[in-house]
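Notes for the one structure printed next.
The values are calculated or read from the model by the stated rules, or taken from the named source; none is laboratory data. Given the structure is predicted, the values throughout are model-derived calculations rather than measurements. With ideal geometry, Cβ positions are generated from the backbone for all residues, glycine too; neighbour counts draw on all protein chains shown.
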Amino acid sequence: AHEIRNPLAGIKGAANLIESPATPADMRRGSLAIIHKEIRRLNRLLTNLLDFARPRAPEFHAVDPGQLIDGIIGLAGHSAGQKGVTLRKDVAAGVPRVQGDPEQLKQVLLNLTINAIQAMDKRGEVVLAARRKDASLLLSVRDQGPGIPEEDLDKIFNPFFTTKDAGTGLGLSVVHQIVTRHGGSVSVLRNSGGGMTFEVSIPLEHGSPK
Ligand code: ADP
């Protein structure tokens, strides 16, 4: 409720300003910008909330990890570049295709990549990697941000836990849910040189759906 009421309050305040004849033109434009921003935020919240509350059962197809990563770089590379962050692909030769839902795996990798880019407080790179480990595919996203404080580590997968002003706290909940439905797991590792690595393990072949 809080997540919805805050943007609504912002929209209401901005609408009041626009309505008042005493409001100067530049303040009106600023108010319109606020309305657009808050609408985008509500939209994002709703998408995440629906993904989380009504998850679709995965439809399994053969997914190529290299193509998956290319798709994410295509989606997020531009906004990363604006922050001086390079997205680098690191896919070991001969990594096999994995059985998974293409849209959902994209969502997983995108959420992790957006978090990684947002965490970067200076220029540098975010590495999107794929490799095989035994009968699983490991997909990882490594950043060079400040990392996650020890006391937050057991909360980050909780719905609505966020440390960001405009966060929804649903990104990692959705990641966890999708990965679990693929019979996989997510782990969080602290990099020796700073920053975090989120690693997702998905079985290459899925068993009968749960
Ligand atoms: P949101 O991004 O909306 O806050 P998430 O569920 O994706 O929601 O993330 C929850 C919290 O986990 C973030 O607010 C942030 O504090 C922390 N977090 C996630 N990924 C990273 C990261 N790569 N580096 C540092 N903190 C992170």
Quiz item: Within the stretch 152-179, restricting attention to residues that are part of a loop (DSSP other than H, G, I, E, B) and among the hydrophobic types (A, V, I, L, M, F, W, C), which residue is modelled with the lowest pLDDT?
Solution: A166
Exercise. Considering each residue of the stretch 156-169, count those that are more than 6 Å from the ligand (Cβ to nearest atom), within 14 Å of L50 (Cα to Cα) and not aromatic (F, W, Y), and give that number.
Key: 1
Quiz item: From the list L112, L75, L68, L49, which one is within 18 Å of the chain's Cα centre (by Cα) and over 30 Å from L8 (Cα atoms)?
Solution: L68
Quiz item: For residues in the stretch 91-109 being free of Cβ contacts under 8 Å to residues at least 40 places away in the same chain and within 19 Å of the chain's Cα centre (by Cα), which is surrounded by the most Cβ atoms within 10 Å (Cβ to Cβ)?
Solution: K106
Exercise. Filter the stretch 102-118 down to the residues that are touching a strand residue (DSSP E or B) at 6+ places or on another chain (Cβ under 7 Å) and either under 16 Å from F157 (Cα atoms) or not in a helix (DSSP H, G or I) (or both), then identify the one that is farthest from the ligand (Cβ to nearest atom).
Key: L109
Quiz prompt | Selection count where residues are near the ligand (Cβ under 10 Å from one of its atoms), more than 22 Å from P55 (Cα to Cα) and among the aliphatic types (A, V, I, L, M), scope the stretch 170-203 | solution = 2
Quiz item: Mind checking which pairs have a first residue in the stretch 149-175 that is among the polar types (S, T, N, Q) and a second that is near the ligand (Cβ under 6 Å from one of its atoms) and part of a loop (DSSP other than H, G, I, E, B), Cβ under 6 Å, 6 or more apart or different chains?
Solution: T162/G169
Self-check item: Matching entry among R88, R54 (being charged (D, E, K, R) and surrounded by fewer than 12 Cβ atoms within 10 Å (Cβ to Cβ))
Solution: R54
Exercise. Evaluate the following for H206: is it touching a Phe, Trp or Tyr at 6+ places or on another chain (Cβ under 7 Å), modelled with pLDDT under 95 and buried (at least 17 other Cβ atoms within 10 Å of the Cβ)?
Key: yes
Practice problem: Determine the pairs where a residue that is within 15 Å of the ligand (Cβ to nearest atom), located within the stretch 48-66, has a partner that is among the hydrophobic types (A, V, I, L, M, F, W, C) and not in a helix (DSSP H, G or I) with Cβ atoms under 7 Å apart, the partner being 6 or more residues away or on another chain. | Solution: N48/L170; L49/L170; F52/L170
Self-check item: Scan of the stretch 122-151 for residues that are near the ligand (Cβ under 9 Å from one of its atoms) and in a loop (DSSP other than H, G, I, E, B), ordered by number
Solution: D143, G145, P146, G147, I148, P149
